[in-house]
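Novice: Shown below is the structure under consideration.
Coordinate-derived values only; no laboratory data. These figures come from a predicted structure and were not determined experimentally. Methodologically, a virtual Cβ is constructed for each residue, glycine included, from the backbone with ideal geometry; neighbour enumeration extends over all protein chains shown.
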Amino acid sequence: MGTLEWSPTTEDDLDALVRLGAACLERDGGLPDLSDRDHLRSTLVTDLAICGRDELGDVVAAAALGLDTSGGRTATGLIDPAAMGQGIGQEIAAWVVGQSVGPVRFVLDSVSPEAETLFAELGLHRVFAEAVMRHGLKHIPFVRRPEDVVTLPFTDDTSEAFHHAYAASFADQPGYDEGSSRAWGRWLREQRGFQPEDSRVAMDRSGHVAGFVTLSDGWIEEVGVVPEWRGRRLGAHLVARSLTALQARGAQEVWLAVGCDNPARSLYERLGFRNRGTRALYEYPMTQEDA
């Protein structure tokens, strides 16, 4: 492939992948897990994975194919910012297409301007994007809990209340369905670093759910507020409380990801979060034959 030497990616390449991910984060931001060995092992050391080395033997690009939850092909990749603009992205895209049967989706945990340009040239459309946001925990706001609301941690006894809060908070959002709601409960318990004792479900005095927040190691994973409680500062309280809880657990910073078009993004900015890049999903447009 071009001027790079391409070979299957192995466990021995993980240190190089960590350096590659860190370089992408420094330049374009994105998901901080890009410098985490376990994350890179799961996404870039798959049965179909390649890395490209320059003349000095340094890994300057990597790509991999995997399966998403629906059984379709999902591709991801990284290119060292110093090597961009040399046609490596086109080579990776050609490899992905050559290895795939049927439509493929591209998931990028760090989106660069060069990637945006390449995907536009290839006819790929961005169908989902999240702003990755960071809070440095130097100034944590205090937001009073709304009156007539109590919050409870995640336990076997409150797990059903969390599920109801999730369903009630997101039922009016695009893409929500009952299947994803049922799967959410299983996913939550399996989430790496899940902190049930600091996650909270909010309930009014009548026992009706009002909202929830779930936390993992250094992350606010999800925040939801049921429609009748929106605009009453419950979401702001849950986020501010979570910052304090995560700091008490030893976190030096807290991360969250929010849809780029989600109005909640402005709330997080007011609470002290700052944008640190974008992660996104790209697809080829569906044709009538695909439908």
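Novice: List, in order, the whole-Hz ³J(HN,Hα) value for each residue of the stretch 110-121 obtained from phi through the Karplus relation with A = 6.51, B = -1.76, C = 1.60 and θ = phi - 60°; use x for Gly and Pro.
Specialist: Each residue's phi maps through the Karplus curve to give 9, 9, 9, x, 5, 5, 4, 5, 4, 5, 4, 5 Hz.
Novice: Using the Cα gyration tensor of the stretch 33-189, with a ≥ b ≥ c the square roots of its eigenvalues, what is the shape: rounded (a/c below 1.5), prolate (a/b larger than b/c) or oblate (neither)?
Specialist: Details: a/c = 2.35, a/b = 1.83, b/c = 1.29.
Prolate is the answer for the stretch 33-189, as a/c is 1.5 or above and a/b outweighs b/c.
Novice: Still on this structure, I have one more. HN-Hα J couplings of the stretch 95-108 from phi, Karplus 6.51/-1.76/1.60, θ = phi - 60°, integer Hz, Gly and Pro as x?
Specialist: Those phi angles translate into 4, 4, 4, x, 8, 10, 10, x, x, 10, 10, 10, 10, 10 Hz.
Novice: For Gly30, what residues show an amide H to amide H distance below 5 Å, using hydrogens built from the backbone and excluding near sequence neighbours?
Specialist: Under 5 Å from the amide H of Gly30: Gly277, Thr278.
Novice: Follow-up. Sort Ser100, Ser206, Ser110 by Cβ crowding within 10 Å, fewest neighbours at the top. Each step should come with its number before you reach the end.
Specialist: Numbers: Ser100 16, Ser206 6, Ser110 25.
Lowest to highest Cβ neighbour count: Ser206, Ser100, Ser110.
Novice: For Ile92, Ile140, what ranking results if the residue with the fewest other Cβ atoms within 10 Å of its Cβ goes first? Numbers along the way, then the final one.
Specialist: Details: Ile92 25, Ile140 18.
Result, fewest neighbours first: Ile140, Ile92.
Novice: Please list, in order along the stretch 259-267, the HN-Hα scalar couplings obtained from phi with the Karplus expression 6.51 cos²θ - 1.76 cosθ + 1.60 (θ = phi - 60°), rounded to whole Hz, x for Gly and Pro.
Specialist: Here the 3J(HN,Hα) series is x, 4, 9, 6, x, 5, 4, 5, 4 Hz.
Novice: Please identify the chymotrypsin sites (Phe, Trp or Tyr not before Pro) of the stretch 94-176 that satisfy two criteria: DSSP loop assignment and at most 12 other Cβ atoms within 10 Å. Which are they?
Specialist: Values: sites: Trp95, Phe106, Phe119, Phe128, Phe142, Phe154, Phe162, Tyr166, Phe170, Tyr176; in loops: Phe142, Phe154, Tyr176.
The qualifying sites are Phe142.
Novice: While we're on this one: Quick one: which residues, 5 or more positions from Val226 or on another chain, have an amide H under 5 Å from its amide H? H modelled 1.01 Å from N in the peptide plane, none for Pro or chain starts.
Specialist: Gly211
Novice: Which far-off residues, 5 or more places away or on another chain, put their amide H under 5 Å from the one on Arg105, with H placed in the peptide plane?
Specialist: Sorted by chain and number, the residues that satisfy this are Arg73, Thr74, Ala75.
Novice: OK, next. In the stretch 84-144, which trypsin sites (Lys or Arg not before Pro) fall in coil by DSSP and have 14 or fewer other Cβ atoms within 10 Å? The partial results should precede the final answer.
Specialist: Working: sites: Arg105, Arg126, Arg134, Lys138, Arg144; in loops: Lys138, Arg144.
Qualifying residues, ordered by number: Lys138, Arg144.
Novice: Compute the distance from the alpha-carbon center of the stretch 52-131 to that of the stretch 220-291, in whole Å.
Specialist: The two parts, judged by their Cα centres, are 25 Å apart.
Novice: While we're looking at this one, here's another question. Quick check on the exposure proxy: order His164, His139 from fewest to most C-beta atoms within 10 angstrom.
Specialist: Working: His164 17, His139 9.
Lowest count first: His139, His164.
Novice: In deg cm²/dmol and to the nearest 500, what is the mean residue ellipticity at 222 nm of the chain if only DSSP H runs of at least 4 residues count, each as -39500 (n - 2.57), divided by the residue total? Intermediate results must be reported in sequence, preceding the final value.
Specialist: On the way: 8 runs with 92 residues, N = 291.
Computed mean residue ellipticity for the chain: -9500 deg cm²/dmol.
Novice: Let me spell out the model: positive unit charges on the Cβ of Lys and Arg, negative unit charges on the Cβ of Asp and Glu, origin at the Cα centre of the chain. What dipole size does that give, in debye rounded to 20?
Specialist: Values: 28 positive and 44 negative charges, 280 e Å.
It comes to approximately 1340 debye.
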